[in-house]
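A.B. asks: Below you will find the structure I want to go over with you.
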Amino acid sequence: PCVWLATDVIGMNVISQKGDKLGKIEDVVVHPGGAPSYVVLSFGGWLGMNEKLFAMPWSVLRSVESETAKKDSDLALVLPLEKERLKNAPGFDKKSWPSMANQDWTKDVDAFYKGDLNPNAPKHSQAKPDSSVISSRVTELKGTDILNPTGDKLADIKEVAIDLNGRVRYVALSVGGFLGMGDRLILSLI
């Protein structure tokens, strides 16, 4: 696909170039204005315990259909790293997410993956040092109210669509209805 819904990306398996399972996508971090995003991969642990999370530029991953994916109608993403190298990547604990808009943090992450970027992907732009730079986790955006200037609720975010370069292309907004019934979805281009 040219555009993926965030709900399809979250939970997607990530495999090595050899086909070994490395982990799964836990979340997608997006920036306003369509700047490329980061994906957050869970790796290690057992049954979700002692898992370490790794954020990486979207442009590191490649999409491919694996044998398992053909059977399950799911796609897998390929990360061109071996498990041993991934263990040394900048990571964080599930309970302690870093500020992904922090220039120092993004600089370290971008530097680690620099040699692994897909040569066909557009250049990944690092977060600017401007303190007004905002980044959001897709899982936190869903359900967020959209308000007008007077504070009245206009809609809420139902879905985020991301292109193959990690840029948000549109959001699906729920308008009207009551308790989820009779609402109408509209697409808002970014």
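A.B. asks: Tell me whether region 110-132 contains one or more residues that are within 24 Å of residue 51 (Cβ to Cβ), surrounded by 14 or more Cβ atoms within 10 Å (Cβ to Cβ) and modelled with pLDDT under 75. Step through it out loud before you land on a result.
C.D. replies: To start, the set of residues in region 110-132 that are within 24 Å of residue 51 (Cβ to Cβ) comprises 110-113, 116.
Cutting the leftovers down to surrounded by 14 or more Cβ atoms within 10 Å (Cβ to Cβ) gives us 110, 112-113, 116.
If we keep only those that are modelled with pLDDT under 75 as well, we get 116.
Yes, there is a match, as at least one residue in region 110-132 is within 24 Å of residue 51 (Cβ to Cβ), surrounded by 14 or more Cβ atoms within 10 Å (Cβ to Cβ) and modelled with pLDDT under 75.
A.B. asks: Any residue in region 155-174 that is open to solvent by 40 Å² or more (accessible area, probe 1.4 Å), more than 13 Å from residue 56 (Cα to Cα) and at pLDDT 85 or above?
C.D. replies: Yes, some residue in region 155-174 is open to solvent by 40 Å² or more (accessible area, probe 1.4 Å), more than 13 Å from residue 56 (Cα to Cα) and at pLDDT 85 or above.
A.B. asks: Is it fair to say residue 73 is open to solvent by 60 Å² or more (accessible area, probe 1.4 Å), farther than 20 Å from residue 160 by Cα and modelled with pLDDT under 75?
C.D. replies: yes
A.B. asks: Same structure again: Within region 1-40, track down each residue that is under 23 Å from residue 169 (Cβ atoms), open to solvent by less than 50 Å² (accessible area, probe 1.4 Å), modelled with pLDDT of 85 or more and of a type outside the set (A, V, I, L, M).
C.D. replies: Passing the criteria: 11, 26, 27, 38.
A.B. asks: Something else about it: Pairs please, first residue from region 84-95 and in a strand (DSSP E or B), second anywhere and among the polar types (S, T, N, Q), Cβ atoms under 9 Å, 6+ apart in sequence or on different chains.
C.D. replies: If the second residue must be among the polar types (S, T, N, Q), no pairs are left.
A.B. asks: Checking residue 57 against (1) within 19 Å of residue 163 (Cα to Cα); (2) at pLDDT below 85, which test does it fail?
C.D. replies: (2)
A.B. asks: Restricting to region 60-70, count the residues that are open to solvent by 50 Å² or more (accessible area, probe 1.4 Å) and either at pLDDT 60 or above or closer than 15 Å to residue 12 by Cβ (or both). It would help to see each step written out before you state the result.
C.D. replies: Residues of region 60-70 that are open to solvent by 50 Å² or more (accessible area, probe 1.4 Å), as a first pass: 62-65, 67-68, 70.
Next, only the ones that are either at pLDDT 60 or above or closer than 15 Å to residue 12 by Cβ (or both) stay: 62-65, 68, 70.
Looking only at that region, the number is 6.
The values are calculated or read from the model by the stated rules, or taken from the named source; none is laboratory data. Quick caveat, the model's predicted, so the values are computed rather than measured. Cβ: placed from backbone, ideal geometry, glycine included. Neighbour counts: every protein chain shown. In case anyone asks, the SASA skips ligands and DNA or RNA and just uses the protein heavy atoms, side chains included. Shrake-Rupley method; radii C 1.70, N 1.55, O 1.52, S 1.80 Å.
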